[in-house]
Amino acid sequence: MNNEDNIITIGSTKLWTDAKDILYCKFSSNDPNSQLDSIRANKYINAIALLCNGKAMPFSIDLRGSRGTFLPNAAILIANSPTLKKLRISEAFITDSIGIKLLIASYKRIYDPTTPYRILNNTELAQHYCKETKNKFYGSN
């Protein structure tokens, strides 16, 4: 794990926050056989807790160019983590793949139907959605 200036790298995944209080995740695995397991899911949860430092934030999750899937136990862990439930305002998934869109839709329907989310195709739309949900959560500024 690498932690410099609010950036944590775990394998090919980069997590960070910015002055807008948005948590960013960039997944870069191009291996179609890659599977998120509970060990790596726990690493992500710990990194997110460290980066958010107790403050609830919207999550912008960039999956463009990423391939792979998740194991059910990892999906359950991420969806039901008490830590993430306290920190996750919403999720903006950025993808350019129909396969990943279907994977996200299935994950949200089966494991986490309560967290607001959108599936988008660019970072600008994702940032707008994150800002919008953060303003609703904290009250407009």
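The values are calculated or read from the model by the stated rules, or taken from the named source; none is laboratory data. Every value quoted in this text rests on a predicted model; they were computed, and no experiment measured them. Heads up, the Cβs are rebuilt from the backbone with ideal geometry, glycines too, and the neighbour counts pull from every protein chain shown. Please note that ligands, DNA and RNA were not included when accessible areas were found on the heavy atoms of the full protein model with its side chains. Shrake-Rupley method; radii C 1.70, N 1.55, O 1.52, S 1.80 Å.
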Tell me, what is the FRET efficiency for residue 20 and residue 50 to the nearest 0.05, using R0 = 22 angstrom and their Cβ-Cβ distance as r? 0.75
Taking 0.36 nm per residue of sequence separation and subtracting the Cα-Cα distance, how much length would be gained by fully extending the chain between residue 97 and residue 67, in nm to one decimal? 9.9 nm
Along segment 49-58, what does the Karplus equation 6.51 cos²θ - 1.76 cosθ + 1.60 (θ = phi - 60°) give for ³J(HN,Hα), rounded to whole Hz, x for Gly and Pro? 4, 5, 5, 6, 6, x, 9, 5, 9, x
A 1.4 Å probe over the protein heavy atoms gives the chain a carbon and sulfur accessible-area percentage of 52
Full-stretch length increase - residue 125, residue 43 - with 0.36 nm per residue and alpha-carbon distance subtracted: 26.7 nm
Go through 36, 78, 126 and say which Cα lies farthest out towards the positive end of the charge dipole of the chain; charges sit on Cβ, +1 for Lys and Arg, -1 for Asp and Glu. 78
Please report, in Å, the Rg and the Dmax of segment 7-84, where both are computed over Cα atoms only. 12.2, 35
Does segment 34-141 classify as rounded, prolate or oblate by the C-alpha gyration tensor (a ≥ b ≥ c root eigenvalues; a/c under 1.5 gives rounded; else a/b over b/c gives prolate, otherwise oblate)? oblate
Toy charge model, Lys and Arg Cβ at +1, Asp and Glu Cβ at -1: segment 25-141 dipole around Cα centroid in debye, rounded to 20, equals 300
Charge dipole (debye, nearest 20) of segment 1-70; +1 at Cβ of Lys and Arg, -1 at Cβ of Asp and Glu: 140
